[in-house]
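See below for the structure under consideration.
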Amino acid sequence: MKGKIHRCNCQQLWSVQTRKSKITAKSVLLQGEWLTEVKPWRTSNPKGFVSTPYSVNIIINPAKELLENFEQEEKLLYDRQRVRFNLTAGEHLYFASDGSCYVLKIRTT
């Protein structure tokens, strides 16, 4: 089932939505492929979010030990004025509690 993730700035939490449920969390790990989606014609936020075809790849509030298996490559950035992301697709994302989103790669050593 498809999952969508976006930042709820009013609560300082990440929101994870599927067709059947909505969960909020301080941090989220997305293992697997993802795409960014934008809907600039929407009158309310979110206008941009990350989606994944499989919600089973989403881990809510992951343990630090799990995050040690990954290295940060770069940040995924969202431009609110232009309603676009700096990247459109990839694998492995970490949505940090401070509101940042990092593209990850699996640590090889």
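The values are calculated or read from the model by the stated rules, or taken from the named source; none is laboratory data. This one's a predicted model, so the numbers in the text were calculated from it and none came from an experiment. Backbone-built Cβ (ideal geometry, glycine too); neighbour counts: all protein chains shown. For the accessible areas, the whole protein counts, side chains as well, though only heavy atoms, and no ligand, DNA or RNA atoms are used. Shrake-Rupley method; radii C 1.70, N 1.55, O 1.52, S 1.80 Å.
What percent does the relative contact order of the chain come to when contacts are Cα pairs within less than 8 Å and at least six residues apart?
On the way: 231 pairs, mean separation 31.6, N = 109.
Once normalised by length, the contact order is 29 percent.
Amide hydrogen proximity for F70: with H placed 1.01 Å from N in the peptide plane, the residues at 5 or more positions away or on another chain lying under 5 Å are R107. Listed peptides 3-11, 24-32 appear in the order 24-32, 3-11 once ranked by packing, highest mean of other Cβ atoms within 10 Å at the front. Applying 0.36 nm per residue to the separation of R80 and V56 and subtracting their alpha-carbon distance, the gain on full extension is 5.8 nm.
Select from L67, S51, L87 the residue farthest towards the positive end of the dipole of the chain; place +1 on Cβ of Lys and Arg, -1 on Cβ of Asp and Glu, and compute about the Cα centre. Of the listed residues, the answer is S51.
What order do T43, T18, T88 take when sorted by accessible area (1.4 Å probe), most exposed first? Could the numbers behind the result be given before it?
On the way: T43 140, T18 35, T88 100 Å².
Largest to smallest exposure gives the sequence T43, T88, T18.
Round to the nearest 0.05 the FRET efficiency obtained for K39 and N69 when R0 = 30 Å and r is the Cβ-Cβ distance. Write down the numbers at each step before the final one.
Details: r = 33 Å, r/R0 = 1.10.
The value I calculate is 0.35.
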